[in-house]
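Undergrad: Encoded as structure tokens, here's the structure I'll be asking about.
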Amino acid sequence: MGYEPRFGQSPFAIAREQAFEALVKWGGYAELIRLLRDQLAVPVDEAGVTDLTEVGGDTNPARRAAETRSLLARLASGNDERLILDRPLLTLEVAGQTAYLEPQAVTHRVGGKFYVAEIRSFPAIDGQTNPTAVAQTAKQAAVSVLALRRTFEQLELDPAQIAHEFLLICPKDFSNRPYGRLIDLRQELDALRFQLTRLRRADDLALALPPSATLDTDREEGELDFSVGALDAFYTPGCLSFCEMARYCRDEATACASPARLGSTVRNTLPGVDSTRTALAYLGDIHAPGLTEAAAVDRLRAADRLRQLRRGDVA
Amino acid sequence: MSTLGAVATLRATETGHAERLTTVRHAHVDERPFVLVPLTLAGEACAPLAALCGTDPGRPTLLTVRQPRNRAERFRFVERLAALLLPHIEECRTSETEPYTVGRGADKEERRRSLRAPQLLVPGGESIAYVRLLGRLTRLRALEGPHAVDPSVPALGKWLTWFADRAEFPGSCLLQAMTRLLSAHWATGQSAAEDSHLAALLSWIDPPDRLTGAEAAREAEDPQRFPPAGPATDVVFDQTLYDLMSRYDEAGDDHGREAVGRQIDRELYGQMLPTWDLMWRGVDLLLRLPEGGHVAERWTYDRRLFTEFAAYLDDDGRPQARRDHAVGAARRLARLEEAMARYDAERAFDDPLVMAEYELTGEAFTGVVVARDEDRFLPGARPLWRPTITVRSDLPVRLTAGKEIKCPARAGQKAEIVEVAPEGDGSTVVVQLNGGFNRARKPPAPPGMLAEVGETVTYTSVDPKSMPFALPAEEDTPWTHGGPPRPYEPTDEDAEEIWE
Ligand code: SF4
């Protein structure tokens, strides 16, 4: 749409991630099993691992998901089989669509519970990790936990068997040595459940579009523009860090002078005011605010007046 | 952000140019700061990749790591950085000193501090985090054994850790991020997230001719013209670099390798040079602002801490601990809060535009003196001379009778509110002066000490000199809190981190 995103991953980061994951799984998943023992007090028994990146040479997602389900059914209902699932494929209904999810690993049952494990290549330095990176991983792990629970429910197994903690594995300090910690997911799970109930179904969203609408990127720019414009966007500056549409949405937000594009602090000083142009008109006494906005606008006017008075000869 | 800040942001969206948030500069900016523009390798914990650094805008020194996966090369990078920064620090340390006294009465002590301290400037907050990590990576290295490093490596590490520690304290200018300095003084018409992009931020403040700040900021987002200010690199650039590094590894002979190596250097230089130039433009813009009244005092404190840390390294020299012990962490938190409160109050005293925010919240008021009673005495066995002035303010005053207040124009004077009466949209305040008349005990007041009728005055309840909350000395930590903390002893484990 004329906005080239500068996203993607650096080849260095990809190489590093792959190397670290390979290391965790090296030698029959020795490091993964060691961390499970450390963090979950798993008895020193041999554990088996099933690699679910393919099923008999087949990488078809539906096939992998089916195999994952049947293995989960076996593990959850059967005896204490010590089998770790590597890259299982789970499904979750999101806004009326089936989404596929791939946690790095799901453990065998430990103390009556199954755990999700995520391997990441950001470091834990002196036991501390980048909080944003952890938060993001936790969100992903929560989606996996939720998908696991739904799968258990569908299989008529007790979903309480899924732990609400996940094992985060990342390199220790500046080395490559895997380090693991259990992280509580209850907050993320609550937030996620709430969001999923609020997410409108994609079908409902599509209803707002005219029949001629398209999201086909090969079509003409004007057509695409029109379709995207018909959808609601809730741009905030946070979008810039992850969404490929961010520049497009930002231009749109700028065009309609949305206060949210300036960040939450500015937006919060303008409760009920939906455009910075309106806010400026209030300041210029061109508009009179309504009752709901009056208090905030009074404060803004006082601030604006003080600014004029106290800035001296500063340009 | 304050309400005044939000209004300034709104105004900036209207004009397309940055709006001043202050009337003066609230940070010390050295004439010759040490500017450091670092880059790190994507995907790894603090793998130094390159840096452009130095104190001369026209002559940056280029440091690169042509193969960051090679541990020896990374430490060679650190050695080279140490060879630049440590002599600069040493120059400051051996500069002239001045005497100062600490304590009072019997505890009074004479000490000396350097007249110069090093100032390290980096592009953004992420680069400060990088300095901290690089410090952590290097300060605990062993000088002997299988992974021995040059002594300059841990020496640099201790300094970098110290810089990064100080950077957390509001008002300290030893290590500063340019984006933070600039956005503390100007509001743009974009979000804080966008302000962390140095090129875009500077475009709002100082756009090229023909363009508004808003337009220039958009253009500045083009990574071809302004690569990311680091330490993270641009993903598209990383592909180029990746290919070059592979060719470097596979080169048949030293000659070929050197040729590719030089190409790597050139590419990295090209990524950092625009940021280097922006850094100095930022220095220039900041230096053009007049300096706030308390800036020199805060820098004096920075110089004192610098002298103290240099002396510590000479005497003891053990590296900083991996983690703060509980007592240290609590003290640090208390000191951070105190520094924040003092810094806020000092800025308000130095700058009416900052004080305006306190006026808005009712913690300060400005008005015209409408009356004064120079001959007022408080009745008693020994009547006390307590003159009053009556101030008429246009805005309502929310401070109440009995509140102790101060006036930035006469900072040594103690005052107290006697009465507040609403009048029209504003208030009339009777202020009693409790001292600060050059020891005079009876009228007339020494010239200039008592505001004249018709003079505009500002009074506020914030006070830069308010007494900090006192914690017991570390050695007096009660046993209920674990007793006095033991000094940190580096262990073998510290030095033996395995790489790769
Ligand atoms: S930029 Fe934000 S608002 Fe726009 S599509 Fe992406 S997430 Fe939605």
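The values are calculated or read from the model by the stated rules, or taken from the named source; none is laboratory data. On a predicted model such as this, the values are computed, not experimentally measured, just so you know. Ideal geometry is used to build each Cβ from the backbone, glycine not excepted, and the neighbour counts take in all protein chains shown. Please note that ligands, DNA and RNA were not included when accessible areas were found on the heavy atoms of the full protein model with its side chains. Shrake-Rupley method; radii C 1.70, N 1.55, O 1.52, S 1.80 Å.
Undergrad: Give, as residue ranges, the strands (runs of 3 or more DSSP E) completely inside region B:388-478 that count at least 3 residues that are over 30 Å from the mean Cα position of the chain (by Cα).
TA: Strands (runs of 3 or more DSSP E) meeting the threshold: B:388-393, B:410-423, B:426-433.
Undergrad: Continuing with this model, one more query. Looking only at residues that are touching a Leu at 6+ places or on another chain (Cβ under 8 Å), assigned to a helix (DSSP H, G or I) and facing chain A (nearest Cβ under 10 Å) in region B:191-217, which one is most open to solvent (accessible area, probe 1.4 Å)?
TA: Selected residue: B:ALA193.
Undergrad: Can you tell me which residue is farthest from the ligand (Cβ to nearest atom) among those in region A:207-221 that are of a type outside the set (Ser, Thr, Tyr) and open to solvent by less than 50 Å² (accessible area, probe 1.4 Å)?
TA: My answer is A:PRO210.
Undergrad: State whether the residues of region B:224-241 include one that is more than 27 Å from B:PRO68 (Cα to Cα) and within 9 Å of chain A (Cβ to nearest Cβ).
TA: no
Undergrad: Sticking with this structure for a sec: Would you point out which residue out of A:ARG120, A:ARG181 is open to solvent by 10 Å² or more (accessible area, probe 1.4 Å) and in contact with a Cys (Cβ under 6 Å, 6 or more places away or on another chain)?
TA: Of the residues listed, the single one that is open to solvent by 10 Å² or more (accessible area, probe 1.4 Å) and in contact with a Cys (Cβ under 6 Å, 6 or more places away or on another chain) is A:ARG120.
Undergrad: I would also like to ask the following. Looking at B:LYS414, B:LYS403, can you tell me which residue is within 10 Å of B:TYR459 (Cβ to Cβ) and either in contact with a His (Cβ under 6 Å, 6 or more places away or on another chain) or open to solvent by 50 Å² or more (accessible area, probe 1.4 Å) (or both)?
TA: Every option except B:LYS403 fails the conditions.
Undergrad: Can you tell me which residue is nearest to the other protein chains (Cβ to nearest Cβ) among those in region B:49-69 that are out of contact with any Asp or Glu (no Cβ under 9 Å at 6 or more places or on another chain) and open to solvent by less than 40 Å² (accessible area, probe 1.4 Å)?
TA: That would be B:LEU49.
Undergrad: Every residue in region A:269-279 that is out of contact with any Ser or Thr (no Cβ under 8 Å at 6 or more places or on another chain) and free of Cβ contacts under 8 Å to residues at least 24 places away in the same chain, please.
TA: Answer for region A:269-279, where residues must be out of contact with any Ser or Thr (no Cβ under 8 Å at 6 or more places or on another chain) and free of Cβ contacts under 8 Å to residues at least 24 places away in the same chain: A:ARG277, A:THR278, A:ALA279.
Undergrad: Is it the case that region A:281-298 has a residue that's modelled with pLDDT of 85 or more, charged (D, E, K, R), more than 16 Å from the ligand (Cβ to nearest atom) and touching a Leu at 6+ places or on another chain (Cβ under 8 Å)?
TA: Among the residues of region A:281-298, not one is modelled with pLDDT of 85 or more, charged (D, E, K, R), more than 16 Å from the ligand (Cβ to nearest atom) and touching a Leu at 6+ places or on another chain (Cβ under 8 Å), which makes the answer no.
Undergrad: Anything in region B:16-26 that is within 18 Å of the chain's Cα centre (by Cα) and surrounded by 24 or more Cβ atoms within 10 Å (Cβ to Cβ)? List them, or say none.
TA: Those that are within 18 Å of the chain's Cα centre (by Cα) and surrounded by 24 or more Cβ atoms within 10 Å (Cβ to Cβ): B:LEU21, B:HIS26.
Undergrad: Are any of the residues in region A:270-277 aliphatic (A, V, I, L, M), facing chain B (nearest Cβ under 9 Å) and either buried (at least 17 other Cβ atoms within 10 Å of the Cβ) or closer than 20 Å to B:THR188 by Cβ (or both)?
TA: So far as region A:270-277 goes, yes, one or more of its residues are aliphatic (A, V, I, L, M), facing chain B (nearest Cβ under 9 Å) and either buried (at least 17 other Cβ atoms within 10 Å of the Cβ) or closer than 20 Å to B:THR188 by Cβ (or both).
Here is a yes/no grid of residues against (1) more than 24 Å from A:HIS164 (Cβ to Cβ); (2) part of a loop (DSSP other than H, G, I, E, B); (3) of a type in the set (Ser, Thr, Tyr):
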| position | (1), (2), (3) |
| --- | --- |
| A:GLU17 | yes, no, no |
| A:TRP26 | yes, no, no |
| A:LEU32 | no, no, no |
| A:LEU36 | no, no, no |
| A:VAL42 | no, yes, no |
| A:ALA66 | yes, no, no |
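Undergrad: Also: Can you name the helices (runs of 4 or more DSSP H) wholly within region B:223-326 that have at least 3 residues being within 19 Å of the chain's Cα centre (by Cα)?
TA: Where helices (runs of 4 or more DSSP H) fall fully within region B:223-326 and carry at least 3 residues being within 19 Å of the chain's Cα centre (by Cα), they are B:254-287, B:295-315.
Undergrad: Here's something else I'd like to know. Any residue at all in region B:335-356 that is touching a strand residue (DSSP E or B) at 6+ places or on another chain (Cβ under 6 Å) and surrounded by 13 or more Cβ atoms within 10 Å (Cβ to Cβ)?
TA: For region B:335-356, residues touching a strand residue (DSSP E or B) at 6+ places or on another chain (Cβ under 6 Å) and surrounded by 13 or more Cβ atoms within 10 Å (Cβ to Cβ): present.
Table: residues versus (1) among the hydroxyl-bearing types (Ser, Thr, Tyr); (2) under 30 Å from A:ASP126 (Cα atoms); (3) in contact with a helix residue (DSSP H, G or I) (Cβ under 6 Å, 6 or more places away or on another chain).
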site: A:GLY180; (1), (2), (3): no, yes, yes
site: A:ASP184; (1), (2), (3): no, yes, no
site: A:GLN187; (1), (2), (3): no, yes, no
site: A:ARG193; (1), (2), (3): no, no, no
site: A:ARG198; (1), (2), (3): no, no, no
site: A:LEU207; (1), (2), (3): no, no, no
site: A:GLU221; (1), (2), (3): no, no, no
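Undergrad: Can I ask one more? Kindly indicate the residue of region B:4-15 that is surrounded by fewer than 22 Cβ atoms within 10 Å (Cβ to Cβ) and out of contact with any Asp or Glu (no Cβ under 7 Å at 6 or more places or on another chain) and also nearest to the other protein chains (Cβ to nearest Cβ) among those meeting that condition.
TA: Applying the filter and picking the extreme gives B:GLU14.
Undergrad: Condition check: loosely packed, with under 15 Cβ neighbours inside 10 Å, within 14 Å of chain B (Cβ to nearest Cβ) and more than 30 Å from B:THR361 (Cα to Cα). Does A:CYS256 satisfy that?
TA: Yes, satisfied.
Undergrad: Taking B:GLU357 as the residue in question, decide whether it is assigned to a helix (DSSP H, G or I), farther than 30 Å from B:VAL153 by Cβ and among the acidic types (Asp, Glu).
TA: yes
Undergrad: Follow-up question, since we're still on this one. Restricted to region A:222-268, and to residues that are without any contact (Cβ under 8 Å) to a residue 12 or more places away in the chain and near the ligand (Cβ under 7 Å from one of its atoms), which residue is nearest to B:THR188 (Cα to Cα)?
TA: Filtering first and then ranking leaves A:CYS239.
Undergrad: Regarding region A:206-226, can at least one residue be identified that is within 30 Å of B:SER196 (Cβ to Cβ) and under 37 Å from the mean Cα position of the chain (by Cα)?
TA: yes
To keep it simple, each residue is scored yes or no on (1) of a type in the set (Val, Ile, Thr); (2) over 27 Å from B:ALA421 (Cα atoms); (3) within 14 Å of another protein chain (Cβ to nearest Cβ).
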site	(1), (2), (3)
B:ASP344	no, yes, no
B:LEU353	no, no, yes
B:GLY362	no, no, yes
B:VAL369	yes, no, no
B:ARG382	no, yes, no
B:ARG392	no, no, no
B:GLU404	no, no, no
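Undergrad: Another question, if that's okay. Among the residues that make up region B:211-227, is at least one of them out of contact with any Phe, Trp or Tyr (no Cβ under 6 Å at 6 or more places or on another chain), without any contact (Cβ under 8 Å) to a residue 40 or more places away in the chain, over 29 Å from B:LEU41 (Cβ atoms) and of a type in the set (D, E, K, R)?
TA: yes
Undergrad: For residues in region A:131-178 being in contact with a strand residue (DSSP E or B) (Cβ under 9 Å, 6 or more places away or on another chain) and within 14 Å of chain B (Cβ to nearest Cβ), which is most open to solvent (accessible area, probe 1.4 Å)?
TA: Per the criteria, the residue is A:ARG177.
Undergrad: Taking the conditions exactly as written (within 12 Å of chain A (Cβ to nearest Cβ), part of a strand (DSSP E or B) and not charged (D, E, K, R)), does B:LEU39 satisfy them or not?
TA: Criteria met by B:LEU39.
Undergrad: Another question about this same structure. Counting only residues that are at pLDDT below 95, give me the helices (runs of 4 or more DSSP H) lying completely in region B:95-190 with at least 2 of them.
TA: Fully inside region B:95-190 and qualifying: B:125-139, B:152-167.
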